[in-house]
Amino acid sequence: MPIADRGTESRRAILSHDTALSAADVDALTKRLQRMDARSPAGPWTFETLTLIAQRPGVVSTELARQIGMERFAFKANVRKLKALGLTVSLETGYRLSPRGKAFLRAIRPKPARRRR
């Protein structure tokens, strides 16, 4: 692997383990993903893809792509975009959310209402 690629992988690995997301970090990531969705000719895909990977880690990309009605190579290209943001990790087969990806999804999901006693 060329030295430049190792540096990129190293920065990505460090980023993927950064779970200390401030409100500003969450807002910036949300806006970035919304821009990616807006530029996509197929329509919004980022949040659906993150959620799918969270629900089905390690599942082959062909099956995940089929589940959301996307062509496999387009799906894989999109997941690489999420990986560049430190949100996903490639496995031998399939993907999983990185610690940063999990923290991001937790931050954007509505909190369940607490019961009063």
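Figures for the structure shown
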| quantity | calculated |
| --- | --- |
| Restricting region 1-18 to residues that are farther than 15 Å from Lys83 by Cα and in a loop (DSSP other than H, G, I, E, B), the residue that is modelled with the highest pLDDT | Pro2 |
| Ala23 being at pLDDT 95 or above and aliphatic (A, V, I, L, M) | no |
| Every residue from region 35-77 that is surrounded by 14 or more Cβ atoms within 10 Å (Cβ to Cβ) and of a type in the set (Phe, Trp, Tyr) | Trp45, Phe47, Phe75 |
| Enumeration of residues in region 87-101 that are among the charged types (D, E, K, R), outside any helix (DSSP H, G or I) and in contact (Cβ under 8 Å) with a residue 12 or more places away in the chain | Arg96 |
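Rundown of residues vs (1) touching a helix residue (DSSP H, G or I) at 6+ places or on another chain (Cβ under 8 Å); (2) among the β-branched types (Val, Ile, Thr); (3) in a loop (DSSP other than H, G, I, E, B); (4) in contact (Cβ under 8 Å) with a residue 12 or more places away in the chain, yes/no style:
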{"residue": "Ala28", "(1), (2), (3), (4)": "no, no, no, no"}
{"residue": "Arg35", "(1), (2), (3), (4)": "no, no, no, no"}
{"residue": "Ala42", "(1), (2), (3), (4)": "yes, no, yes, yes"}
{"residue": "Phe47", "(1), (2), (3), (4)": "yes, no, no, yes"}
{"residue": "Arg106", "(1), (2), (3), (4)": "no, no, no, no"}
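The values are calculated or read from the model by the stated rules, or taken from the named source; none is laboratory data. Here the structure is a predicted model, which is why all the values come from computation and not from measurement. Backbone-built Cβ (ideal geometry, glycine too); neighbour counts: all protein chains shown.
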